[in-house]
Structure formats: structure tokens, C-alpha cells
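**Student:** The structure follows.
The values are calculated or read from the model by the stated rules, or taken from the named source; none is laboratory data. Predicted, not measured: the structure shown is a model, and the values here were computed from it. Every residue, glycine as well, gets a Cβ built from its backbone with ideal geometry; the counts of neighbours run over all protein chains shown.
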Amino acid sequence: MVANLVFYQLALIALLGVFLMLSWVWPSEPAAARPIPPTPVPPPRKRSTAPKPFAGLTHTPHCEACAQGVVTRPQAPCPPPPRMVPTRGRPRHVDTSRHFCPHPTCAYRGWVGLGNLSANGHPSGGPWQQLHCTACESYFLETHGTPLHGKRVPTELLVWAVGALAEGLGIRAVARVFEVDPHTVR
Ligand SMILES: [Zn+2]
């Protein structure tokens, strides 16, 4: 019986000790009532005025000239060859000022109206004029480099066929309408 009383007293003292410890550790005021320390507001960032290179567009220069910023300008085209004035033969009546010599080795290739071309008649009685370049002594038809070159069909028919193709008519349909071979239309 005495042991039980001692045990109860010790248990009561232990409970009191636990209560005192809890009251000391437990916060005296609720968390909402406590003042919140102010958090410092960072100052707004200032944008730097110095330009920054875009990473995707930067590249290393290809050569030393590019690194030094030397710009190589394209060279000017060569000056045109001198104009040729015919001194012999009959005066020319056929206008060749809209044609030029197509031969790659000719100095007058690509230049028009320089007097190097002369008409040489219609070979085999054909509809197209043959032109003669007095600079490189070559002959070519006036249809050189055009869709009409080498075609035996009349020009009007070819123009109508091209117009029909441009309007959306098929190749075989154009061949049937104008009574020509589909390979000719193609
Ligand atoms: Zn020529």
C-alpha cells in the first residue's frame, strides 16, 4: 500500500514536470499575432545600354579579311567592246539591234546594238532570219535561245498552244485540240 502511494506521488511529480516543460517550450502567443519581420525589397534592376551579341548569330570569321572587316566589293563588269560600223557591202535594212551573238567565246556575246550582226537571209526558205556575227564569223537563227527554236509548227499555233497550257489545259488535251503530237506540246 505504501509502495503504491510513493508510486502515485512520483507519477504526479513527473506529470507536473512534463507540464512545466511544455508550458516553457510552448509559444505564449499565437503565430498570427506575432509581428512578421519585413523582408527587404530588392531594388529594380537597371538595363544595361551596351548591346549584347545574340548567341545564335555570332560566328567566328572565315578568314583574316573577314576578321578585320574588309569588305570585298564585286568587280565591275568589263566595258562593252567597241561598236562596229560596216564600211563594205550594201547598207543594212534588217534591224538586228534586239539580238546578240550567243557564242560563248565571242567578245560581243550578250551585247546588243553594237553593229556586229548582219542578216543573212532565210535558210531553206524558212520563216526565221539567219544572223551573222562579223566579230566571230558565226551564224545563228534569230530564234536561238527561244521556245521557237527548232520548231516546225507555225508560230501562231505555238502561241495558241502555250496560251491553252497557261489556262490549265492538259498536254494531251492541247495536242488533241491543235492536232499535234503530245511530244511537240511537251
Ligand atoms: Zn560573235
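**Student:** Output the number of residues of the stretch 134-169 satisfying the condition of being in a loop (DSSP other than H, G, I, E, B), out of contact with any Phe, Trp or Tyr (no Cβ under 6 Å at 6 or more places or on another chain) and more than 16 Å from the ligand (Cβ to nearest atom).
**Tutor:** Within the stretch 134-169, the first condition is being in a loop (DSSP other than H, G, I, E, B), and the residues that meet it are 134-137, 142-154, 167-169.
Checking the rest, the ones that are also out of contact with any Phe, Trp or Tyr (no Cβ under 6 Å at 6 or more places or on another chain) come to 134, 136-137, 144-154, 167-169.
Pick out the ones that are also more than 16 Å from the ligand (Cβ to nearest atom) and you get 146-154, 167-169.
So the answer is 12.
**Student:** Considering only the stretch 95-121, state which residues are exposed (fewer than 13 other Cβ atoms within 10 Å of the Cβ) and away from the ligand (no atom under 11 Å from the Cβ). Quick ask: steps written out before the conclusion?
**Tutor:** So the first thing to find is which residues in the stretch 95-121 are exposed (fewer than 13 other Cβ atoms within 10 Å of the Cβ), and the list is 95, 97-98, 104-105, 110, 121.
Within the stretch 95-121, Asp95, Ser97, Arg98, Gly121 meet the criteria.
**Student:** Could you grab me the full set of residues in the stretch 154-186 that are of a type in the set (Gly, Ala, Ser) and on the phi > 0 side of the Ramachandran plot? If you could, list the steps in order and put the result at the bottom.
**Tutor:** Our first condition is that a residue be of a type in the set (Gly, Ala, Ser); within the stretch 154-186, this holds for 161, 163-164, 166, 168, 170, 173, 175.
Gly168 - this is the single residue of the stretch 154-186 that is of a type in the set (Gly, Ala, Ser) and on the phi > 0 side of the Ramachandran plot.
**Student:** Which count do you get for residues in the stretch 97-112 that are touching a residue at least 24 places away in the same chain (Cβ under 8 Å) and either polar (S, T, N, Q) or farther than 13 Å from His132 by Cβ (or both)?
**Tutor:** Looking only at the stretch 97-112, we keep the residues that are touching a residue at least 24 places away in the same chain (Cβ under 8 Å), and these are 99, 101-103, 105-108, 111.
From what's left, either polar (S, T, N, Q) or farther than 13 Å from His132 by Cβ (or both): 105, 107, 111.
Residues flagged as touching a residue at least 24 places away in the same chain (Cβ under 8 Å) and either polar (S, T, N, Q) or farther than 13 Å from His132 by Cβ (or both) within the stretch 97-112 amount to 3.
**Student:** Taking the stretch 122-149 on its own, how many of its residues are surrounded by 14 or more Cβ atoms within 10 Å (Cβ to Cβ) and under 24 Å from Cys78 (Cα atoms)?
**Tutor:** Restricting attention to the stretch 122-149, the residues satisfying the condition of being surrounded by 14 or more Cβ atoms within 10 Å (Cβ to Cβ) are 128-136, 138, 140-144, 148.
Narrowing the set further to residues that are under 24 Å from Cys78 (Cα atoms) leaves 132-136, 138.
Residues in the stretch 122-149 being surrounded by 14 or more Cβ atoms within 10 Å (Cβ to Cβ) and under 24 Å from Cys78 (Cα atoms): 6 in total.
**Student:** Are any of the residues in the stretch 160-175 aromatic (Phe, Trp, Tyr) and in contact with a strand residue (DSSP E or B) (Cβ under 8 Å, 6 or more places away or on another chain)? I'd like the intermediate steps shown before the answer.
**Tutor:** Within the stretch 160-175, the first condition is being aromatic (Phe, Trp, Tyr), and the residues that meet it are 160.
From what's left, in contact with a strand residue (DSSP E or B) (Cβ under 8 Å, 6 or more places away or on another chain): none.
So far as the stretch 160-175 goes, no, none of its residues is aromatic (Phe, Trp, Tyr) and in contact with a strand residue (DSSP E or B) (Cβ under 8 Å, 6 or more places away or on another chain).
**Student:** I've got another one for you. For the stretch 150-183, name all the residues that are within 21 Å of His122 (Cα to Cα), exposed (fewer than 13 other Cβ atoms within 10 Å of the Cβ) and at pLDDT 85 or above. Explain how you work it out, then say what you get.
**Tutor:** Looking only at the stretch 150-183, we keep the residues that are within 21 Å of His122 (Cα to Cα), and these are 150-158.
Filter again for exposed (fewer than 13 other Cβ atoms within 10 Å of the Cβ), leaving 150, 152, 154-156.
Glu156, the sole residue that qualifies.
**Student:** Something else about it: How many residues are without any contact (Cβ under 8 Å) to a residue 24 or more places away in the chain and in a loop (DSSP other than H, G, I, E, B) if we restrict to the stretch 170-185?
**Tutor:** 3
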